[in-house]
Structure formats: C-alpha cells, structure tokens
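Take a look at the structure below.
The values are calculated or read from the model by the stated rules, or taken from the named source; none is laboratory data. Here the structure is a predicted model, which is why all the values come from computation and not from measurement. Note that each Cβ is placed from the backbone with ideal geometry, even for glycine, and that neighbours are counted across all protein chains shown. Ligands, DNA and RNA are stripped out before the accessible areas are found, and what is left, the full protein with its side chains, is counted by its heavy atoms. Shrake-Rupley method; radii C 1.70, N 1.55, O 1.52, S 1.80 Å.
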Amino acid sequence: MLKSVLRYGCAVLVLLTAWELLSLALSSAILPAPEEAVSAFAGAIKGPVFWAHFRASAVRVLAAMTLAWIGAFPLGILMGSRPRWDAWLAPLLFLTYPVPKIVLLPIMLLIFGLGDSSKIMLIALILGYQILVATRDGVLHIHPKYLDSVRSLGANRRQIWFEVLLPAALPHGFTALRLGTGTAVAVLFFAESFATREGLGYFIMDAWGRLTYDQMFTGIFGMSLLGVLLYELINHLEKWCCAWLFVTGPAQRAAPHPVATEMPMWLQHLHTYGRLIKFSHTIFALPFALAAVVLAQRVQPLTWPTLGWIVLALAAARSAAMGFNRLVDARFDSINPRTAQRPSVTGTISHGAIIAFITFSSLVFGLSAAALGTICLVLAAPCLAVLFFYSYTKRFTALSHLVLGFAIGLAPIGAWIAVTGGLEGRILLLSLALMTYIAGFDILYACQDVAFDREIGLHSLPARWGVPRALALSTLLHAATFALLFGLYLAFGLGTIYLAALAAIGVLLIIEHQLVRPDHFERIQIAFFHVNSAISIILLLGVWLDHHLY
Amino acid sequence: MLQVDSLTKSYPPDVAILKDISFALAADETLAIVGPSGCGKTTLLYLLCGLLRPDSGRVTLNGAAVGAGVQDIAIILQDYGLLPWRTALENTALGLKIRGLGAAARREQAQRLLRELGLGGREHHYPSQLSGGEQQRVAIARALALEPKLLLMDEPFSSLDALTREKLQNLVLGTWKQRRIPYLLITHGIEEAVFLGRRILVLGGQPAAVLATFDNPGFGCADYRERQAFFELAQALRAAMNACW
C-alpha cells in the first residue's frame, strides 16, 4: 500500500529529526549529525573496504542460518511427529533451552578455534534452538484430518513426511528464522568483536577505538542494511516456498477497458496505430537508452545527428517489433477479453497493412543503423531477429518474460555502440537493469491473463507457478534492477544526484509492488503507466543532471 | 463385495462405541447410513477403510480383509481433508502420486477429472481460494482418480448451503450411474439418505448398533425428489429414527 510506504517515510523522518536534535543537544563527536553519518556512509560504500567487511559478516550469518536450518528443522519435524523420540528429546531440549547460549563463546572458541567456524557455530546454535522449538510445536499441532486423509490414500511414512509434515512445518520454521534475524545480527556483532580483523562488528569496534565516530555509524548502517536484507530474503523465500499462505480469495479477472470513440477520422487512424505499437510502453525503454547515450559521452562526444538517428532507430525497432508481436498474437488476443479491443484484433487495421507497417519500420531501422556506422548496420539484422523471436517464445516457454527483457535490454547497449563505436562491460549493467525491470513488470502484466493463458496453453510464469510465486519473482527481478542500477553508480563513479534519483526509483518500485496484490489486478493499469513512466524518466533525469552538474 | 461382520469397537478405558455391527454392500448397490451426530458413524467409517482396527469382528472387501492403506477403497472426509499447501490439481493427483504414477500421467488424469467435475480453470488454485462446494468437488475428484472399488463418504455435504448440497448430491448420483462404483454414505440428513442410498441403515443407541434397515426401490429414478415414494420413505425413515432415540 501507498500508505505503508508513506508511514515508513514518516518513521525515517521522525528518527532523523530526533537524531538531529539529540546530536545538537549533546554536541559531542560520539553522535555526529545524521547528514555527516549519511555522507560518510555514502563515501564508504564506494570503496572496497566496507564491502569486504560487509561480505565477511554476510557470509558468517548466512552460513549460520543454513546450518541452523539443516540441523534444527528436520529434528523439529521428527520430534513433533514421533512421540517416542519426543519423549526422550524434549526434556533435553527444554533443560538446555533457557541457557543463554552466548556464554558458550569461550567453549566454542576452544572447540572450533579462533576462525570463522566458532562464530558461525555460536550463531547457528542460538538460531537452531528457536527453529527447533517453533517447528516441533507447529508439527505437534497439525490437524489429524490431514494425516488421516493422506493415510487413507495409502501413503507410507516417507510420503507422509513429504506431503504433510514438511509443508505444514515450513511456515513455522520460517517465522522462527525471520524472528531470528535480529538475534543473529546481534550475536554476530558480539562474536565479531573478538579475535577477528574483518566483519562489520570489528569495523564498528575498530572505528570506536580510533574515535572515528562517523566511521562507526557506517558500520552501524551496514549492520542495519544486513539485517534488512536478511529479513527480506527470508520473506521472499517464504513467499516462494509457502505460496499457499499468500493467496486471498478466488483470483479476479480484470474488466476490459472501454474504447474511446467520438474522434475525427484522421485522429482515429493515428490513435489506432499508436495503440497498435503501444507507444506508451516505448517510454519505459527509451529513457534507459538515452541514459546510455549520456553515459557514452564520457568516452566519445555526441553530435546532434547521431542523437537523432539513435532516437529514430529506437522508435523504428520498437514499432517493427510490436507490430510483429501483434500480428503473431492476433489469434490469441482476439479471444482474450483484455486484449480483444486491440486494433489488429478488431480488424481496424488489416492484415496487409500491418505487414506493410512492419516492413516500413524495419527499413527505417536499417537506414538509421546504416547512418550510425558500419558496426550498427551489421548488428541491425540480428537485433531485429531477437525482437521478432520474442513473439514466439510465449508458445513454448514460461521464461518468455526474460526473453522480452533481453530483447528490450539491447537498447542501451545499442545506443552505447552507436555513440562510441565499441562495447564496454560496464554499460551491460544498464542493459541488465532494463532487462530485469521489463521482465519484472511483464510478469505483473501477465498476472491479468492467467486464466486465459492457462486455457489456451500459452506459457507465462503466473500461469505456470501461480500468481503469488510470480509476484515474488517479479519483486526479486526488480530488486535486481535496483542492485544493478546501484552497480552502475559504482561502475561510472556517478554522484549524489544519481543516488537521489536511485532512491526515488527504489521507493517507486516498492509502491508499484504494493499496488499489485494477488486479488487486485485492476490496479495494474495505475502501476504500469504512472509508476513505470516515472521510474524511467527519473533514471534519465538522474543520469543527465549528474553528467551536467559534475 | 463389502462384507461387515459383527464389528465392535471401544475407546480406552472402556467407552463402547460400536456394538455388533453387520451389513453387506453388493457390487451394484449404494448404502446410506443415518444416525445422530456423535453416534460413532465416523469411527465406523475409519474401521471400514482400515485406518482403525476393530476390537472384534471383521471387514472384508471381495473376500480379503481390509488394512490401512488399502488402495481399493477411497474415502471422502467430512471437511474434505484437502491439503492446504497443494493446489486443486495436486490434491486431485495426490493418490496417484502416492501410488507412484509418473508426473505427466497423473497430471493429465487429474486435469481430466477436474474438468469433468466442472472445475476446469481452477486447477492451480489452492483450497483456500475455492468455495466449500468446489473443495468438495476436488475431494470427489481425488477419490475418483484412484478408480476405487468402493467409495466411502463421511457427511460429505454437511457444511454446504442447501442449493450447493443438492447440486453435489446430483453429481454423486450422476457419477454413480456413469461409473457404477458402489459407495457407502454416512449422513444425518434424512432426505439425503433417501436420495442417495439404495439401501438405508439406521444407526443409533449407546453403544451404536444397526436399529433398522430400509429398502429404497425408487432410488435413482428421474426427479426422485419430487415423487410420492420419496416423501413416503422419508416419512417412514423419520418415524423409525424418532422411535429409536
């Protein structure tokens, strides 16, 4: 929900204000002003040192979580489902449960040495207890009707384990794991303040010792970041593994949107062609390509004609591809209530006219590529082939969303090559960001068509995996988009303005995903046209302003 | 084909539930067992499919004693017993999966059954996304998927609204006419028993015993619910039940 994002924003504001006031009141170096701490943090995340510590901590916590899960989760199921085992193990569990495991650090150090293993074991032990208790309780309370119904089908012990016990226990294990992230990070800090020279705990203690308090806060931010990432990781894993918990009521079909009439004839024609190639979608890809153009100026200055040809090539390629897609899909679109009003379906544009339109667009694309140089001309044909190929992928693979992302993701690379005449690895970050971004929202789009796609046998992730899992994957893809755009910041050494734009994009992506819920597809229209246009334009503005002001 | 000989069951320490229950179900027959709630009907059903063992007496299906996991008997439980973490399709295919059938084959078979029961397009929904009637259909599909020799139903429609219940009763009767899988239905609905049972057993008492048996010659004829014979038998059944408890 938009509201919850706003509430988060308010919470951050309140915290920052309180911090500011407190630092003014104390006027001590120990509590630097928030803006100092933030700018120190922004400086630190550009360098490798912070990330080395971050990685060391992340590896320790993740290893500990994995270990705790592998040890405790199956044991919890065993104790919950086999009274005879439980009778002997439960007293052992509840005698040792209240012991604060953190006091065992010296013993851990003695057994496992001063290296990583003692720290990992300590965290794993603490987390493991929580997972064990929660899982055991969860399994104890499984309703017997599930066991009876599966037994009546003739299930043996192994089948009961996999069909009933394991899935019933999963949500309990995940709840424990999620609640455990806070504990895990706290214990990590404690464990890293001994016998190590890497990790965020060491980073904080070291900064404290050296009286560099802004550095200390960088470490604290890092720990919060680590905590939030772990929490979200577990949330997503749970959505992935326990999809049935996240469905609400029967999925609803979106109503077909009304068609505009009452227009002069020539305007209607223009409007019709506009709808055919989905001009409104182009706006999501074009800014990414233009951002690549801005970035490319660092390597090679740009001339006005080059820019013109690039824009023309982009528009032509997109028109050709969308025309082709509609042509190929017309058969399916005509039966789908959501797309039944597309011009190629209702017959407003004839078959022949579409083919002529595609041919013309392809020619314009080839011409502008030729104007941009030999290498562009050579690449034009394979590029069109990829764009056209996408239209068929829906028929045989649920990964068609990724193919679409890949095809559109070629735009920034193309623009870069057009300006610089060569290819560099770092621009791939932008293309990958566009690819994950497009694939992510194409999945959202497909959520509207699930029932139809299934019926007709078209492949899409929501049709294949169900809406909740598809939404989770879409969220993951957009998280990747954000990470890749952040990678772009590092790779090109961009400035604060870009970072601010990136923050805005992050917020918008969150809003977009809050708008779309398994039972609220009518909102996808808002999610798409408003938020997506805003995101791509903010990206372009960020890159452009950054280029001109620095 | 199903032969039940003097079943007795009590729960520890010594609460007698069922006493000396005997009846038979022929291959082309259906049987409805009526009785008040809590009289041990569900215990009887568990004994019939081998999930519980009787203290004495025996249950045989085509001459062989039944035991846990007898795959010739499919059971439809009171609150459907669908697994919340499996979709309609996966729930339907569950019995086939347990039997070791390959993924593609069981998927195809389950899909066909769901479509047959009017659930096409709902295959990938979880039970929480389905209405009570739809969940009940999935449970029926899951039972039919096993192509059982005998179908046991425990108050299958008790939590449905009246219209949905009638629709599903028609569905069960239609399925029986088509497949001729003999079924045993446990219910507390008098009309339901008359509509769905070729023979009707009245269970009651403490411990429960068979108090009366009715023959239902009109069973299965068209518009049976509207016929005089239907009302008369329902009246007789009601009178018998009132006399017994």
I'm trying to understand the selection: among the residues of region B:221-241, which are touching a Phe, Trp or Tyr at 6+ places or on another chain (Cβ under 8 Å) and among the small types (Gly, Ala, Ser)?
B:Ala236, B:Ala240
Which condition number does B:Gly121 fail, the rest of (1) within 11 Å of another protein chain (Cβ to nearest Cβ); (2) in contact (Cβ under 8 Å) with a residue 12 or more places away in the chain; (3) on the phi > 0 side of the Ramachandran plot being met?
(2)
Conditions first: (1) of a type outside the set (A, V, I, L, M); (2) in a helix (DSSP H, G or I); (3) surrounded by fewer than 17 Cβ atoms within 10 Å (Cβ to Cβ). A:Ser57 passes all but one, so which condition is the exception?
(3)
Quick check: anything in region A:137-153 exposed (fewer than 13 other Cβ atoms within 10 Å of the Cβ) and part of a helix (DSSP H, G or I)?
yes
Filter region A:366-399 down to the residues that are in contact with a Phe, Trp or Tyr (Cβ under 7 Å, 6 or more places away or on another chain), open to solvent by less than 20 Å² (accessible area, probe 1.4 Å) and closer than 29 Å to A:Ile443 by Cα and list them by number.
A:Ala380, A:Ser391
Please list, ordered by residue number, the strands (runs of 3 or more DSSP E) wholly in region B:141-245 having 2 or more residues that are touching a strand residue (DSSP E or B) at 6+ places or on another chain (Cβ under 9 Å) and open to solvent by 20 Å² or more (accessible area, probe 1.4 Å).
B:209-215
Looking at region B:95-118, is at least one residue at negative phi, facing another protein chain (nearest Cβ under 8 Å), buried (at least 24 other Cβ atoms within 10 Å of the Cβ) and under 23 Å from the mean Cα position of the chain (by Cα)?
yes
Given the options B:Ser56, B:Ser37, name the one that is open to solvent by 30 Å² or more (accessible area, probe 1.4 Å), on the phi < 0 side of the Ramachandran plot and modelled with pLDDT of 85 or more.
B:Ser56
Given (1) more than 11 Å from every other protein chain (Cβ to nearest Cβ); (2) touching an Asp or Glu at 6+ places or on another chain (Cβ under 9 Å), index of the condition A:Gly180 fails:
(2)
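Does at least one position in region A:8-26 carry a residue that is part of a helix (DSSP H, G or I) and touching an Asp or Glu at 6+ places or on another chain (Cβ under 7 Å)?
Residues of region A:8-26 that are part of a helix (DSSP H, G or I), as a first pass: A:8-26.
From the residues that got through so far, the ones that are touching an Asp or Glu at 6+ places or on another chain (Cβ under 7 Å) too are none.
Taking every residue of region A:8-26 in turn, none turns out to be part of a helix (DSSP H, G or I) and touching an Asp or Glu at 6+ places or on another chain (Cβ under 7 Å).
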Take region B:35-51 and flag every residue that is at the interface with chain A (Cβ under 10 Å from one of its Cβ atoms) and in a loop (DSSP other than H, G, I, E, B).
B:Cys49, B:Gly50, B:Leu51
Would you mind telling me which numbered condition in (1) more than 18 Å from A:Ala176 (Cα to Cα); (2) over 31 Å from the mean Cα position of the chain (by Cα) A:Met79 fails?
(1)
Among the listed residues A:Phe441, A:Phe452, A:Phe486, A:Phe529, which satisfies the condition of being aromatic (Phe, Trp, Tyr) and at pLDDT 85 or above?
A:Phe486
B:Ala24 versus (1) open to solvent by 30 Å² or more (accessible area, probe 1.4 Å); (2) aliphatic (A, V, I, L, M); (3) in a strand (DSSP E or B); (4) within 10 Å of chain A (Cβ to nearest Cβ): which is the lone unmet condition?
(4)
Restricting region B:1-36 to residues that are among the small types (Gly, Ala, Ser) and within 15 Å of B:Val210 (Cα to Cα), which is nearest to the chain's Cα centre (by Cα)?
B:Ala32
From (1) more than 14 Å from chain B (Cβ to nearest Cβ); (2) surrounded by fewer than 23 Cβ atoms within 10 Å (Cβ to Cβ); (3) part of a helix (DSSP H, G or I), pick out the condition that doesn't hold for A:Gly422.
(3)
Condition check for A:Trp85: assigned to a helix (DSSP H, G or I), of a type in the set (A, V, I, L, M, F, W, C), in contact with a helix residue (DSSP H, G or I) (Cβ under 6 Å, 6 or more places away or on another chain) and open to solvent by 20 Å² or more (accessible area, probe 1.4 Å):
yes
Does B:Tyr183 qualify as being closer than 24 Å to A:Tyr146 by Cβ, touching a Phe, Trp or Tyr at 6+ places or on another chain (Cβ under 7 Å) and more than 14 Å from every other protein chain (Cβ to nearest Cβ)?
yes
Could you run through region A:458-498 and say how many residues are within 30 Å of B:Gly121 (Cα to Cα) and either in contact with a Phe, Trp or Tyr (Cβ under 9 Å, 6 or more places away or on another chain) or touching a residue at least 60 places away in the same chain (Cβ under 8 Å) (or both)?
19
All positions within region B:72-94 that are farther than 24 Å from B:Arg165 by Cα and open to solvent by 50 Å² or more (accessible area, probe 1.4 Å):
B:Asp72, B:Glu90
